[in-house]
Every structure is written in structure tokens, then in C-alpha cells.
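What follows is one structure encoded as C-alpha cells, with my remarks underneath.
The values are calculated or read from the model by the stated rules, or taken from the named source; none is laboratory data. These numbers were taken from a predicted model, which means no experiment stands behind them. Heavy atoms of the whole protein, side chains included, go into the accessibility calculation; ligands, DNA and RNA do not. Shrake-Rupley method; radii C 1.70, N 1.55, O 1.52, S 1.80 Å.
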Amino acid sequence: MREKNTKKIPAPVKLLLCIADRGIGKDIENYLNDHELKGGLLILGKGTAESDIADIFGFGLSDKDIVGCLIPINKLDKVVEDINQITGVETDRYGLNMILDIQSMASNMLEFLNIKVG
């Protein structure tokens, strides 16, 4: 008897983008890996143009880590809460954590790349 070929419907995702003090990006990356959130990207940011807005977020003070990761929306609230604690942006550190809407095709692309999303 032939087995039915069933396809898993991937979870919708959003892009979490964090700009934090150099070195914090590795902590974020470790957190994401520990929680099986694969497919993240750590970029080392160097230098910024001087501006009042850059000064508000502390971007002109030092080099920054930039971390991006696609997060399933069913895990988003907990991940954002934890990442805010890791980066310290709500307490005593400069940086920026944001969530960006992305096309639903991204979930399908992750499935194609064999990255678990939900």
C-alpha cells in the first residue's frame, strides 16, 4: 500500500533584528541556538555616521553586533522578552531590537532549506 505524501504547513515567521553592543550578539546567537531557532545571522557592525538619532541609540559610541533571525510568531513574545533582557535595551544599555513583517514566502524558503520553523 502506498503511503500518502503529507506536507507540513510551516509556521508564519517574522524577522527579529537586534543592534547591540559588540559581544552581545554571541549571547543572542547562543540563546537562539539553545531554543532551536536556527537560521540566524550575526553581522559585525563598524562605524556609523554622526547624528542625533544615532546618539540616542548609542550607535555612535562603539562597534555593534547586528543579529537577524526569523522567529515563528507563536514563539515571538517569549523570544522578544528574553532578547530584551540579554541586550539590556530596556535597562542600562544602548541598542535597538525590532520586529519586521516579512513575506509569507520566507517560511516556505526555510522549509526548502530544511530549517525547522515551527
Next item on the list: Arrange the residues 41, 70 by how much accessible surface each exposes, largest first, with a 1.4 angstrom probe.
Entry: 41, 70
Checklist line | Contour minus Cα-Cα distance for residue 85 and residue 27 (0.36 nm per residue) | finding: 19.8 nm
Checklist line | Potential lengthening between residue 74 and residue 17 on full extension [0.36 nm per residue; Cα-Cα distance subtracted] | finding: 18.8 nm
